[in-house]
Amino acid sequence: MIEPHAPALPGSPPSWGDSGGSGGPPGPSGDPPEGPGAPARLPVRPATGRFLVLAGVFVCAACGLVYELELVALASYLIGDSVTQASVVLSVMVFAMGLGSLAAKRLRRFAAAGFGAVEAVLALVGGSSAMVLYAVFAWTGGWGGLWADGPRFLLVAFSLAIGVLIGAEVPLLMELIQRVRRQDAGGAVADLFAADYVGALVGGLAFPFVLLPFLGQLTGALLTGTVNAVVGAALVLGLFRRDMTRRARWLLLAANVVVLALLATATVLADDFERAARHAVYGQDVRVAVQTDVQEVVLTGDTDGRPLDLFLDGRLRVSGSDERRYHEALVHPVMSGPHARVLILGGGDGLAAREVLRHPDVRRVDVVEIDPGLARLARQDPGLSALNEHAYGDPRTHVTTADAFRRLRSTPTAGYDVVISDLPDPGITASTKLYSQEFYGLLRRLLAPGGRLVVHAGPVVARPRAFWTVDATLRAAGLRTAPYRVDARDTGFAPGPDRTAATSHAPRDWGFLLAARRSPVLRLDPTAPRPQTLTSPTLAQDARSASRTRITGLPPSTLVHPRY
């Protein structure tokens, strides 16, 4: 029995009942209903059909947000500067969703077939996006040469394509819901967006807490695409099959079979692909590759006479052939004075601690490292522990796993003679807070009377503005500074946003800032063990070289107004 409805407004489509096995009368000769607003011929009750459509909206919205977050995460990993990459992805995708919604207006006549085709393409594009991005990065030499602008070009292309497809879902789903059971436009939009936003919430939480830690970026994206394809095909071919011609049904079924076959094949080969891509990025002598809770850690070399290299999230952080110049320049100038108690921020590889421990009158070294996996590797890996001369086995060394900013807020004042900030430079967005005025204010509070602080502030020649912004920020925190830089003998290694030392933009020097409450004297302690790569004359020359690049008038960087 069809329930009574209020009379239709003039010019509005007719209302259909909420019971029975059909959403409306069939077209002539049993053909599917034609035109926007035509009632759907459902195999279930309209109330059940409406619930299934909203369930499909929920799943598709979750998948769409996973694609979005996957692009942001992978772009931040491959390119760096997560704020910029997130802004690019989000803005381009929202813009593209508007384009997709406009384009889908032409498909309303064939809403069921159109939605099925959109979901099949979206599953393939979104599911494969991470693998394609990583493949191009791995086998084109880190976006060099012809692909110098590759990361942003490909990122924008995927964001645009996925955004257009997600935007096309909304008008088609709105049409399908109205075909199931006609209701006022405001109510239909409210129901559709409620399912969409709740699905986005689930997808947004599933990505960092389930997909990324348990499946990884590649498999997580492929599995999301598989779910997207299955749900889209099941919704259309199961619920709206009577609204499509036989040819449309078979074409849609064949397209989804192809998409699922491609995604399944890629999932099976994901581990082999990742190993091959890793060798393409790091070379054939990858010895250790682990994904910790914080980052990817890769060790290469240390065999057949090859120097050990340490990569963190794909960035060369330690080059065995040149690391001693960096760490001696970082540590020895700041040790010229009282240094019984030393705090090292970062430096989980143990190499800064190695240089500190060369001074026999050091009583305690506290290392604050955010990644317990890296600290464990520095202690246990034969190659890395040999390079740091078993610094973590020294009873004077104490390692704390914590975020440096949070740790400093709970550390007693005036506790350290020396503080060494061995952190990734502020070209990486996650490190920006560790180069802020607030952070340096905490460090100033920790310094004992006559205590000194040294900060690795990134390359001077390649990024002078960032380097001198660190200087301005230290001064704003009430510290006096003495800048200096050290040239890399070989290609240099990149603690900042550059991916590898092989890139044309890898820094060829390292910049440091010695700081104290009173103007610090930049010198080497003549009574301390002599560095192998650093002398007093070269240190003075390094200071003059850095000072010649000075940029004045720069504002300090703060937590609420980062300047890097």
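The values are calculated or read from the model by the stated rules, or taken from the named source; none is laboratory data. None of these values were measured; they are calculated from a predicted model. Cβ coordinates were reconstructed from backbone atoms using ideal geometry, including for glycine residues, and neighbour counts include every protein chain displayed. These accessible areas exclude ligands, DNA and RNA; they are computed on the full protein's heavy atoms, side chains included. Shrake-Rupley method; radii C 1.70, N 1.55, O 1.52, S 1.80 Å.
Ala462 meets all of the listed conditions (1) of a type outside the set (S, T, N, Q); (2) in contact (Cβ under 8 Å) with a residue 60 or more places away in the chain; (3) surrounded by fewer than 20 Cβ atoms within 10 Å (Cβ to Cβ) but one, namely (2). Close contacts from the range 526-545, counting a first residue that is closer than 18 Å to Gly511 by Cα and a second that is outside any helix (DSSP H, G or I) and basic (Lys, Arg), with Cβ to Cβ under 8 Å and a gap of 6+ residues or different chains, come to Ser536/Arg523; Leu539/Arg523; Asp542/Arg485; Ser545/Arg485. Thr300 satisfies every condition listed in (1) under 27 Å from the mean Cα position of the chain (by Cα); (2) in contact (Cβ under 8 Å) with a residue 60 or more places away in the chain except (2).
Within the range 224-231, is there a residue that is under 27 Å from Phe51 (Cβ atoms), in contact (Cβ under 8 Å) with a residue 24 or more places away in the chain, surrounded by fewer than 16 Cβ atoms within 10 Å (Cβ to Cβ) and out of contact with any Cys (no Cβ under 7 Å at 6 or more places or on another chain)? No; the residues of the range 224-231 include none that is under 27 Å from Phe51 (Cβ atoms), in contact (Cβ under 8 Å) with a residue 24 or more places away in the chain, surrounded by fewer than 16 Cβ atoms within 10 Å (Cβ to Cβ) and out of contact with any Cys (no Cβ under 7 Å at 6 or more places or on another chain).
Taking Val281, is it in a helix (DSSP H, G or I) and open to solvent by 70 Å² or more (accessible area, probe 1.4 Å)? It is false that Val281 is in a helix (DSSP H, G or I) and open to solvent by 70 Å² or more (accessible area, probe 1.4 Å).
Yes or no, residue by residue, for (1) modelled with pLDDT of 95 or more; (2) among the hydroxyl-bearing types (Ser, Thr, Tyr); (3) out of contact with any strand residue (DSSP E or B) (no Cβ under 6 Å at 6 or more places or on another chain):
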{"residue": "Asp366", "(1), (2), (3)": "yes, no, no"}
{"residue": "Pro382", "(1), (2), (3)": "no, no, yes"}
{"residue": "His390", "(1), (2), (3)": "yes, no, yes"}
{"residue": "Arg396", "(1), (2), (3)": "yes, no, no"}
{"residue": "Leu423", "(1), (2), (3)": "no, no, no"}
{"residue": "Ile428", "(1), (2), (3)": "no, no, yes"}
{"residue": "Ser431", "(1), (2), (3)": "no, yes, yes"}
{"residue": "Phe439", "(1), (2), (3)": "yes, no, yes"}
{"residue": "Arg452", "(1), (2), (3)": "yes, no, no"}
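Within the range 435-458, being over 13 Å from Leu513 (Cβ atoms), open to solvent by less than 20 Å² (accessible area, probe 1.4 Å) and not hydroxyl-bearing (Ser, Thr, Tyr) holds for Phe439, Leu446, Leu447, Ala448, Gly451.
Scanning the range 300-345 for residues that are in contact with a Phe, Trp or Tyr (Cβ under 8 Å, 6 or more places away or on another chain), open to solvent by 10 Å² or more (accessible area, probe 1.4 Å) and of a type in the set (S, T, N, Q) yields a single hit, Ser319. Whenever a residue of the range 382-403 is within 19 Å of Leu345 (Cβ to Cβ), it has no partner that is part of a loop (DSSP other than H, G, I, E, B) and of a type in the set (Asp, Glu) lying with C-beta atoms less than 6 angstrom away and at least six residues away or across chains. Looking across the range 101-124, not a single residue is over 23 Å from Arg249 (Cα atoms) and surrounded by 24 or more Cβ atoms within 10 Å (Cβ to Cβ). Quick check, is Asp525 open to solvent by 20 Å² or more (accessible area, probe 1.4 Å), modelled with pLDDT under 60 and either at positive phi or part of a loop (DSSP other than H, G, I, E, B) (or both)? Answer is no for this residue. Got a number for residues in the range 41-95 being open to solvent by less than 10 Å² (accessible area, probe 1.4 Å) and more than 28 Å from the chain's Cα centre (by Cα)? Going through the range 41-95 one residue at a time, the tally reaches 5. Among the residues of the range 468-489, those identified as under 30 Å from the mean Cα position of the chain (by Cα), of a type outside the set (Val, Ile, Thr) and open to solvent by less than 10 Å² (accessible area, probe 1.4 Å) are Trp468, Asp471, Leu474. The numbered conditions (1) more than 25 Å from the chain's Cα centre (by Cα); (2) touching a residue at least 60 places away in the same chain (Cβ under 8 Å); (3) closer than 24 Å to Leu434 by Cβ are all true for Gly373 except (1).
Would you pick out the residues in the range 535-559 that are open to solvent by 50 Å² or more (accessible area, probe 1.4 Å) and out of contact with any Lys or Arg (no Cβ under 9 Å at 6 or more places or on another chain)? Scanning the range 535-559 gives Thr535, Pro537, Thr538, Gln541, Arg544, Ser547, Arg548, Arg550, Thr552, Gly553.
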